[in-house]
Amino acid sequence: MTDILSIAAFFATEGEAAVVKPLGEGFINDTYTVFLKDRTTPDYILQRKNHIVFPDVPAMMDNINRVSRHIRAKVSDPLRETLTVIPTKDGKLYYKDSDGNFWAMCLFIKDSMSFDRADSPDRAYQGGLGLGTFHRQVADFDGSLTEIIKGFHNIRWRFKQWDASLERNAAGRVRELGNEISWIESRREKMLSFWKLYEDGTIPVRVTHGDTKISNFLFDSRSGRLLCAIDLDTMMSSTLLNDTGDALRSYTNTGAEDDPDLGKVSMSMDMFEAYMKGYLKEMKELLAPAELEYLAFSGIYITYEQVLRFLMDYIDGDTYYKIKSPDHNLVRTRAQYKLLTSMEEQLLEMERKISFF
Ligand code: ADP
Ligand code: GN1
Ligand code: MG
């Protein structure tokens with residue numbers, strides 16, 4: 001096993017790293033907390049970045065560093081209201097070990113907490129303020145960002161991958177998935193016609209976060225106030241509707257992302273309202289008409305994309321997401337599909353609510 005402490009020693013910490021502990025259950029990266037000598041709370045986060053998923057870690061770290069510096073100049077508590085990247089002792093934003101793994105470090109944000117699920121409308125409201133604040137802070141970022149994962153939320157590109165995956169049938173599972181595959185195919189044209197609005201410039205290009213589920217935001221552990229967006233690996237130029245959509249997918253779900261009990265999964269209108277109230281408080285004035293028009297639909301778009309991605313990974317033989325059981329990706333697919341249908345049923349009501357904000 002890699003000696004994580006010896007990896008930490010390559011970074012410019014304010015003293016020698018004494019203890020490391022694994023943290024959380026990310027689907028993609030491996031995360032550790034790092035403690036300096038005699039500390040009871042962590043000082044740093046150290047991550048092994050998955051370089052299969054993120055083929056250009058140096059470019060990714062450069063994106064993260066530039067955007068977080070841009071945000072730092074605008075906030076009152078720079079150590080807690082944005083990520084701070086810690087360079088290596090020789091001034092790089094990452095360390096590459098002898099096995100070819102990439103590592104990166106950032107400051108651990110003190111007195112913070114994160115959640116897997118929104119536990120109250122107030123949490124959803126704070127989350128909405130959080131994403132709205134992030135979008136507002138980056139709205140005037142004028143550098144260009146590297147496209148870290150090709151076509152990440154581009155459904156036209158996802159369909160290319162999907163068609164190839166069905167054709168390959170790598171795990172021999174296609175035959176048993178007729179029903180699930182029809183969920184994707186029956187909505188293909190609708191999703192493409194939405195994406196076309198981005199391609200033709202009706203929906204503007206912005207700096208986006210790319211992965212706005214609730215666990216990628218930190219809240220103050222005393223007041224519950226939102227501190228900042230974290231997990232900036234997927235920041236790219238795209239439409240901000242990807243972010244609002246992914247946030248709705250996460251915050252409004254009454255069940256877990258991979259809930260085996262579909263009875264528990266649905267879209268909560270209360271959470272939707274609270275989230276949108278927070279988001280629009282920060283962003284309403286800055287949104288283009290087409291962004292406002294598709295705000296509610298964005299949840300459907302990204303939840304659909306997530307159904308496709310989980311199902312595609314199941315068809316591929318589980319090569320992308322970490323799984324905890326052989327059918328985990330199928331369970332995830334079904335749970336996300338249940339959420340998708342619940343959102344579809346409530347689309348008009350969501351749009352009506354937005355028109356009153
Ligand atoms: P992953 O890519 O595996 O999702 P994240 O960057 O989201 O990794 O980190 C996983 C968890 O670690 C977060 O949900 C949060 O609880 C915690 N975390 C990450 N970065 C920080 C930080 N800078 N300060 C405090 N906690 C953090
Ligand atoms: C992954 O890394 P993590 O767990 O925050 C994935 C997201 C998915 C999410 C589903 C780079 O996010 O796109 O929406 O799982 N990240 C990547 O929970 O693919
Ligand atoms: Mg995360």
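Where a number appears in this text, it was derived from the coordinates with a stated rule and is not lab data. None of the values given here were measured: they were computed from a predicted structure. With ideal geometry, Cβ positions are generated from the backbone for all residues, glycine too; neighbour counts draw on all protein chains shown.
Assorted remarks:
- Region 1-99: GluC sites (Glu not before Pro) in DSSP loop, at most 16 other beta carbons within 10 Å: Glu14, Glu16, Glu25
- Among the trypsin sites (Lys or Arg not before Pro) within region 1-52, those in coil by DSSP and having at most 15 neighbouring Cβ atoms inside 10 Å are Lys37, Arg39.
- Peptides 159-165, 149-155, 329-335, ordered by how many other C-beta atoms sit within 10 Å of their residues on average, highest first, read 329-335, 149-155, 159-165.
- Phi-based couplings in Hz for region 101-106 (Karplus 6.51, -1.76, 1.60; Gly and Pro marked x): 7, 9, 10, 9, 10, 9
- The chain, helix-only ellipticity at 222 nm - DSSP H runs n ≥ 4, -39,500 (n - 2.57), divided by all residues, nearest 500: -13500 deg cm²/dmol
- Reachable aspartates and glutamates from Lys110, criterion Cα separation under 17 angstrom, eight or more residues apart if same chain: Glu14, Asp38, Asp43, Asp77, Glu81, Asp220, Asp231
- The angle between the Cα long axis of helix 328-345 and the longest principal axis of the Cα atoms of the chain comes to about 60 degrees, rounded to the nearest 10.
- Compared with the dominant Cα axis of the chain, that is its longest principal axis, helix 188-199 is turned about 60°.
- The long axis of helix 121-138 is offset from the longest Cα principal axis of the chain by roughly 70 degrees.
- Considering only alpha-carbon pairs that sit under 8 angstrom and 6 or more positions apart, the relative contact order computed for the chain is 18 percent.
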